[in-house]
Each structure stands twice: as C-alpha cells, then as structure tokens.
Amino acid sequence: MVELKEPFATLWRGKDPFEEVKTLQGEVFRELETRRTLRFEMAGKSYFLKWHRGTTLKEIIKNLLSLRMPVLGADREWNAIHRLRDVGVDTMYGVAFGEKGINPLTRTSFIITEDLTPTISLEDYCADWATNPPDVRVKRMLIKRVATMVRDMHAAGINHRDCYICHFLLHLPFSGKEEELKISVIDLHRRSFARAFHVVGAIKILLDFIFLR
C-alpha cells in the first residue's frame with residue numbers, strides 16, 4: 001500500500017517509493033535497529049521521514065513488559081494524523097505513506113510529514129517559568145488549549161500514550177494573543193484507538209502535565 005501527495009506524487013511517479021526513501025539524506029534525529037527518523041529537504045520544503053524496518057521479538061517483549069505499546073510500523077501514525085485532522089485537532093500533515101509485508105517482524109513502512117516550522121515545543125517554551133513566570137493569562141490560555149486538544153483526542157477514541165508537553169508544538173510567532181495561538185500535537189506512533197474513554201490514560205496525561213500549574 002502506498003499513498004503519495006504532492007510533491008512526492010509527481011517526483012516519484014513511475015518509481016519505487018521504498019527505494020526512493022532509502023536514498024533520502026538529511027539530519028538524523030533517531031537511528032535505531034528498526035527505526036530511523038530524519039529531516040530532509042525536497043523541492044524547497046522541509047519534511048520529516050520515519051522509516052520502519054520491521055521489529056524484533058526482543059523489542060516487542062521489552063515494550064510489553066514496560067506496559068508500552070510496541071511500534072510495529074508507520075500505519076498507526078498515518079491513521080492517527082487523519083483521524084485528528086478529521087475532528088479538528090491540529091497535528092502534522094502527512095504527505096507520503098508506504099507499507100509492504102504482513103509479518104510485523106519483517107514488514108517495511110514509512111511516513112513523511114511536513115516539517116512544522118517555525119515552532120517551539122511547550123517543554124522549551126515553559127522551561128524558565130519557575131524563575132521567570134509568564135503572564136497568568138497566557139499560562140491559562142495554553143493550559144486550556146492543551147486540555148481541549150486532549151479532550152478532543154479522547155473523544156475521538158485516540159490515546160496518545162506518549163503525551164508529554166515536548167510533543168506539543170507552539171507555532172511561532174506568538175506574542176500572547178489568543179488569535180495567534182496554534183498548537184500541534186506530534187509523535188503519534190504509539191497511539192491506540194479506543195471506543196470508550198480510558199480513565200487510566202486520562203490520569204496519566206494529567207500527571208504528565210501537572211508541573212504546568
């Protein structure tokens with residue numbers, strides 16, 4: 001299965017996207033045995049690639065023992081992006097996806113998203129709040145927006161499972177005005193779908209954000 005949007009639909013027409021992905025070069029953010037994340041330039045724009053090369057039984061067992069969802073491919077993130085955009089939660093914009101193989105131990109997949117720039121993670125934006133407190137109005141505005149996003153994610157049946165403020169990007173410029181405020185949630189590769197509201201997941205998210213008080 002392959003889905004390509006522009007510019008990749010044109011640039012890779014008549015080519016094997018899986019071979020093209022292998023040739024992409026850029027700034028490597030993560031290099032694991034079965035996963036690779038890099039930022040690259042294409043047709044004058046910046047993108048992120050996440051390339052999955054199957055997984056191992058050791059990795060699956062390690063994640064399960066840690067009560068974490070094993071990452072088995074790029075499809076989770078691709079589907080979550082579309083689901084969140086459908087319900088109005090700001091997130092990444094996916095431009096390319098590919099998956100081949102059935103066995104999760106050998107399945108190959110990739111996802112390409114537009115680089116959300118200029119942005120800053122909420123973790124970095126709030127880093128000096130302990131010594132340099134923000135305007136309380138701005139603080140409450142950010143907390144309210146993140147709370148609304150998490151509520152809407154759960155209402156849509158999505159549990160992020162890695163929901164820390166480093167995975168919420170504040171779009172710049174932002175001078176404290178509500179009409180300028182835009183926050184996008186990223187890194188959805190561990191997400192799970194659930195039809196019912198997950199109380200344990202909600203409590204974990206609240207604990208993750210407690211230091212924003």
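The numbers here are math on the coordinates, done by the rules we state, and not lab data. None of the values given here were measured: they were computed from a predicted structure. Every residue, glycine among them, receives a Cβ derived from its backbone with ideal geometry; neighbour counts consider all protein chains shown.
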Completion exercise
Given a Förster distance of 22 Å, the FRET efficiency implied by the Cβ-Cβ spacing of GLU19 and CYS166, rounded to the nearest 0.05, works out to 0.10
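I need the calculated FRET efficiency for the pair ASP128 and ASP152, taking r as the beta carbon distance and R₀ as 30 Å, to the nearest 0.05. Please list the in-between numbers first.
Details: r = 29 Å, r/R0 = 0.97.
Calculated transfer efficiency: 0.55.
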Fill in the blank from the handout: For the range 5-21, in residue order, the Karplus 3J(HN,Hα) values (coefficients 6.51, -1.76, 1.60; θ = phi - 60°; whole Hz; Gly and Pro = x) are 10, 5, x, 6, 4, 7, 5, 9, 4, x, 10, 8, x, 5, 6, 5, 4
Problem - Entries in LYS5/LYS144; LYS45/LYS182; LYS5/LYS139; LYS5/LYS182; LYS22/LYS100; LYS50/LYS182 that, when Cα-Cα distance is taken, lie over 26 Å - result: LYS5/LYS144; LYS5/LYS139
Practice task
Pull out the extension gain between PHE40 and THR10, defined as 0.36 nm times the separation in residues minus the alpha carbon to alpha carbon distance; nm, one decimal.
Solution key: 9.0 nm
Practice task
With a point put 7 Å past each Cα toward its Cβ, work out how far LEU32 is from SER121 in nm, to one decimal.
Solution key: 1.5
